[in-house]
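No lab work stands behind these numbers, since they all come straight from the coordinates. Being a predicted model, the structure only gives us computed values, none of them experimental. Heads up, the Cβs are rebuilt from the backbone with ideal geometry, glycines too, and the neighbour counts pull from every protein chain shown.
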Amino acid sequence: MHLSLAGHMGPSAEQVPAERGLLSREPGTGRLSGEAGRGPAPLVGMRYQGRSLTKSFDGATVLSQVDIAFEPGEIHSVVGENGAGKSTLVKIMAGIYQPDSGELTLGEERLGGLSPRSAQHRGIYLVPQEPALMQSLSITENLFVGILRRGRLRFNVDWRSMRREASAYLARVGLDVSPEQKAEELSIAQQQLVECARALVHRCVVIFFDEPTSPLTAKEAGTLFEVMGSLRADGYTLGFISHRLDEVLAISDRVTVLRDGGKVMAALRSEVDKAVLVKGMVGRELTTQERVRPHFDATGRQEMLAVEDLTSQPAFEGVTFSVREGEIVGLAGLVGSGRTEVAETIFGIRSTDRGTVRLAGKPLQHRTPRTCIDAGLVYLPEDRGRHGIFAEVEVERNVTAGVIPHLDRAGPLIKPAAERLMAKQATDRTAVRMASLDTLIKALSGGNQQRAMLSRWLLANPRVAIFDEPTRGVDVGAKDDIYQLVAQLAEEGLACVFISSELSELTITCDRVLVMYEGRVVGELSGTEITDANLGPLIVGAQHK
Amino acid sequence: MSTIATSPATRRAPAQTAGRQETTWVVTVTVLLVALLGYFYFAVPDFRGLGASGILALSEQFLFTGLIALGEALVIFAGEIDLSTGAMASLSGIVMAALWQQGLNIWLAVVVALVVSALGGAVNGLFVTRFGINSLLVTLGTQFIFSSVATAVGGNSPPYNFPKSFVNLAGTGTVGPIPNQLIGFAVIAAAVWLLVARARYGRGLVLIGYNRAASRYSGVNVQRTLFGAFVLCGLLAGVAGIFVSGYYNAARDDIGDSLLLPAITVVVLGGVDIFGGRGRMSGVIVAVFLLGILNQGLLIRGNSSLTATMVEGVVLVLCLILKIALDRRAGVRLRELLHRRFAVARAPAAGGP
């Protein structure tokens, strides 16, 4: 097993570091060399620059013409909201994604066709948000994977020297654990530090941290920052991704703000304060903070969806709520709080342990997606790529996929002209922009795919619709249109459930918001109570109302 | 270290309509079939010597495979596979023959045999849908079960010499120059084609092949649709078993064994994605004749069956390479060129592109 790992080294050029181990690598790369057996030695980082980096996924541009330079001896933070393109940027710089266009320069060298492996080989390392260690291997094995040192016999593995060095590196990142311990025995914070040590073992001098603090406690984060600080003092080039501004302000030397895939600001830490960063991050949102529709008056409106004591273990328990005709009810909560699971249970995809779902007063028993759709209840899934679209299928058939049993027929045969007309009307209503109905849906932008999904459900003449993260993976310009569309459908009497992780979305679209935390509804806000300030504490379970 | 320039995204967008690619392939297969018939007709005197009725009669040699391919295509459209079809064909022929030998009316025996095949398909479907076992594994297993049941029922000397009416109608009879089996195949193929291309059931089936999870979220009853595909596949294999027994005027417990792989070959050659979704039933139907005529033509030309099999293998691989090429950029460019030419030729007044 270990030998085979060493055997996977690939081309001979890449075996050089394996054989030399921690000895100096290429001269002229600006790094000082260490001596074998002496453990970590100070290094000199390198300038790592990206120029006009652009990347899109499935037609949605997530990064557009971004220039950025990471300097040695600096902690350079990249901040932005969810979906601003921070992660995409560092993943491009670490070779995980290929940019659609743009170039990367490390020191004086232009890099092309970077892969995670070749990036690491050149000294670029990405510490992922969730540590990606091999859980059942020891720390030493994890640290040296890919560069296992050979022993004197050439075919064996020199575990002893590697263990010795592993201890030294662990000490360097402030970890007091045995290198023999298995990764799975470590806490997330410790694993993250091991990742850090791994970067050092691989002689990486450019280290990116992708939201490393989100799974950590404040104290653990403090330890990580100390390590980062000492790496900075040694001249490493450090990149730090976060949306927690206090952290950013505390440790950064330089800050770049991304918004909607573009760079909106780059400045030295000394030139900015929190207010400036916030403005940069959410600038656009501040202008559309107004609610998309006026106050909702519930009087005289029929209760369209009534969920009572709905339970599906282990995801959630005892969920009760109702939605009136024309009302938009938000479902807020962290990922994993049970929002999506509630929706899927209502829609008959997950099994129900107990509880009832009534549609316009009529109980829906033994629900399946089919019976729900036919009764007038539709669900727009969160994961559009996996659960929504048929990527390789034309828009037309994507749009009619929800109402196959109701397509106009001659005898048993579907009438193509009638189907086309139906699809055309539905896509016109949501203003899908496409070459024709024969276009494969994967060629559409994220926003237009989502519009096509909405038109799929409009064809079912729903009375209740559950929208699960309807603006995920959608270009920012298209988000507003989706809010407008949802509001318009509500005006026409559709009872809507709006699930979202973005508080700003909930505040501008919803008439009422339920907050879920760890599988339970922990709070309800309505009308003007719906503000970021009120939602925030509920969402993280800090306050039970 | 070497410096590699970052290449900007120069790759052209893939063809944005699937329908066009699939139609292109059906046309390609049809052109190949016509070319093949032309070659044999003009270059092989023995082939020409058969005359129209003789050439039509050749189809009796490969329609069994074609019937199995129709059923197999249904299962493959949904992203599954059925390896038990060959054994099922044997079993169906044996069941029919054994019941007839016991004194049952031959046509009633046919009905019972078809019910048995549908039930066999239902067993496959049940294991795949209810217990969630991979269809490759399920049908690999049931294949042996069906085949051993056929051996057990058939005994040492399976029946032969069926009533003349049966042999004539389901076997070697003709209407004018057209073999009865060809008519039967045409009717069944048309029905299966309409089922996939135009019926609600087929719409769901193909969507399952493209994205099973999304079909479920769209309200397609995935379990029932898959189950149906396996039942139909078993039934069609049963029909193939009746055809083959009628044609040879005998039932044998291993008669279907050689039909499975050619049937899967036909489905792939017909342009159906082996992982489900993409493809056209019409392509499969044309491919039945393409592969069948190729085989029979080579035999008539005097090649050994060994050579014929080898050539079929080569043709399959070449066709797949051609198909991939057509699906990719080269194909897009070729198609664009053809379209432009076509547009110019058709509407010269418009001044061309």
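Spin-label model, A:ASP383/A:SER214: points 7 Å from Cα along the beta carbon direction are separated by 1.6 nm. Taken over region A:294-439, the alpha-carbon convex hull comes to 167 cubic angstrom per residue.
Note on region B:63-124: along the principal axes its Cα atoms extend 42, 25, 15 Å, ordered by decreasing extent. Helices meeting the span-like rule in chain B (full DSSP H runs, Cα extent of at least 18 Å along the helix axis, mean Kyte-Doolittle score of 1.0 or higher): B:18-43, B:63-77, B:85-101, B:106-129, B:135-154, B:180-197, B:222-248, B:281-301, B:305-327. Here the Debye sum runs over all C-alpha atoms of region A:159-215 as equal scatterers in vacuum, and log10 of I(q)/I(0) at q = 0.20, 0.22 Å⁻¹ comes out as -0.75, -0.90.
Annotation: extensible slack from A:LEU413 through A:GLN488 equals 23.5 nm (criterion: 0.36 nm per residue apart, minus Cα-Cα distance). If you wrap region A:303-539 in the convex hull of its Cα atoms and look at it from every side, the mean projected area works out to 12.5 nm².
Dividing the convex hull volume of the alpha carbon atoms of region A:124-164 by its residue count gives 90 Å³ per residue.
Relative to the longest principal axis of the Cα atoms of chain A, the long axis of helix A:218-233 lies at roughly 40 degrees. Between A:GLU529 and A:THR352, the modelled labels are 2.7 nm apart [label points 7 Å from Cα along Cα→Cβ]. Dividing the helix sum by the residues of chain A, where each DSSP H run of 4 or more adds -39500 (n - 2.57), gives a mean residue ellipticity at 222 nm of -9500 deg cm²/dmol.
Of the residues A:GLU505, A:GLU226, A:GLU317, the one with the fewest other Cβ atoms within 10 Å heads the list, and the complete ranking is A:GLU226, A:GLU317, A:GLU505.
Separation of the alpha carbons by more than 24 angstrom is noted, of A:LYS55/A:LYS274; A:LYS424/A:LYS479; A:LYS362/A:LYS415; A:LYS442/B:LYS323; A:LYS219/A:LYS279, for A:LYS55/A:LYS274; A:LYS362/A:LYS415; A:LYS219/A:LYS279. Taken along the Cα-to-beta-carbon direction at a fixed 7 Å, the label points for B:LEU318 and B:LEU104 span 4.7 nm.
Exposure proxy ranking for A:ILE404, B:ILE183, A:ILE207, based on other Cβ atoms within 10 angstrom of each Cβ and starting from the fewest, stands as B:ILE183, A:ILE404, A:ILE207. You can think of it this way: the chain between A:SER270 and A:GLU226 has 13.8 nm of extra reach, that is 0.36 nm per residue less the Cα-Cα gap. FRET efficiency for the pair B:ARG48 and B:ILE183, taken as 1/(1 + (r/R0)^6) with r the Cβ-Cβ distance and R0 = 25 Å, rounds to 0.55.
Once Lys and Arg get +1 and Asp and Glu get -1 on their Cβ, which of A:PRO381, A:VAL319, A:HIS366 lies farthest toward the positive end of the dipole of region A:314-391? The Cα lying farthest towards the positive end belongs to A:HIS366. Stretched out straight at 0.36 nm per residue, the stretch from B:ASN134 to B:VAL27 would grow longer than its current Cα-Cα span by 35.2 nm. Translational diffusion of the protein assembly as shown, estimated by Stokes-Einstein from the Kirkwood radius over alpha carbon pairs at 20 °C in a medium of 1.002 mPa s, is 67 µm² per second. Seen from a random direction on average, the alpha-carbon convex hull of region B:60-289 projects onto 11.5 square nanometres. Here A:TRP159, B:TRP107 are placed in order of increasing Cβ neighbour count within 10 Å, fewest first, which gives B:TRP107, A:TRP159. Seen against the Cα atoms of chain A and their longest principal axis, helix A:446-458 is set at about 30 degrees. Overall, chain A carries a charge dipole of about 1260 debye about its Cα centre when +1 sits on the Cβ of Lys and Arg and -1 on the Cβ of Asp and Glu, all other atoms neutral. FRET efficiency for the pair A:LEU421 and B:LEU56, taken as 1/(1 + (r/R0)^6) with r the Cβ-Cβ distance and R0 = 56 Å, rounds to 0.85.
Overall, the anisotropy analysis places region B:43-88 in the prolate class: the square-rooted eigenvalues a ≥ b ≥ c of its C-alpha gyration tensor yield a/c not less than 1.5, with a/b exceeding b/c.
Shielding of peptide A:366-374 by partners, expressed as the average count of other chain Cβ atoms within 10 Å per residue Cβ, is 3.
Each listed q (0.10, 0.14, 0.15, 0.17 Å⁻¹) maps to a log10 I(q)/I(0) for region A:235-362, found by the Debye formula over equal Cα scatterers with no solvent: -0.60, -0.82, -0.85, -0.91.
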